[in-house]
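What follows is a set of notes on a single structure, which appears directly below.
Values in this text are rule-based calculations from the coordinates and carry no lab data. Computed from a prediction, not measured in an experiment: that's the story for all the values here. Backbone-built Cβ (ideal geometry, glycine too); neighbour counts: all protein chains shown.
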């Protein structure tokens, strides 16, 4: 667990990264499925699917905060990291955009459940303040980025650690996989909503388009997440692995 006397030095980081994100945003169509794009049926389906995960995540966050108050600031840092990275939109070959997700850091520190909530909150802020994504497509975007990505990433992380893979290597792979899986899920969401007579063919088309920009972005996100995680460990005194709270 992070020692209070050292972690105090990180108090400004959530505010700093959120400030940088807001100051560097620009009007572009981002990868998050945009407002009104999904048919009403699919928009509702993804809301129904995502809702139980978010409710469960709220309970997990409450438990984490009660166990150790210092974790609240670390949770804020994880949320701000998601906000920062997912707001850095890069042009894609389709005229849309690709971006990192930032969910890997919080997933490694706390498990996937808190990310169900933090990622959804970030998506709401982006939809309302940055015209990034949308409210009608919030369920779909939350499921792909805040739910599916963290769940798969966490499964990968636990598997790698059990297999004896070094912590920082496992963190890199986790963040990379969580990012990529978000786009895999989004491709299936779009393919299901717009099958055009061949659903899997449409899914493959979206996967191919996203892969061109997203694979290098995911690798860079993995590197950045590993660096931030390593810095957080340094504030833990002796640099030992942060005690799991999930």
Run through all the Cα pairs of region 101-208 and give the fraction in each 5 Å bin from 0, expressed as whole percent. 2, 14, 20, 19, 18, 14, 9, 4, 1, 0
In region 173-192, which residues have a backbone nitrogen under 20 Å from the label point lying 7 Å from residue 165's Cα in the Cα-to-Cβ direction? 173-185
Based solely on C-alpha atoms, express the radius of gyration and the Dmax of region 41-91 in angstrom. 14.8, 42
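Quick one: which of 177-187, 51-61, 139-149 comes out on top by average Cβ neighbours within 10 Å, and what's the full order, highest first? Walk me through the numbers before you get to the answer.
Details: 177-187: 24.8, 51-61: 16.5, 139-149: 28.5.
The densest-packed peptide leads the list: 139-149, 177-187, 51-61.
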Can you tell me how much longer the chain between residue 69 and residue 51 gets when fully stretched, taken as 0.36 nm per residue apart minus their C-alpha distance, in nm with one decimal? 3.8 nm
So how much slack lies between residue 198 and residue 234, counting 0.36 nm per residue of separation and subtracting their Cα-Cα distance, in nm? 7.9 nm
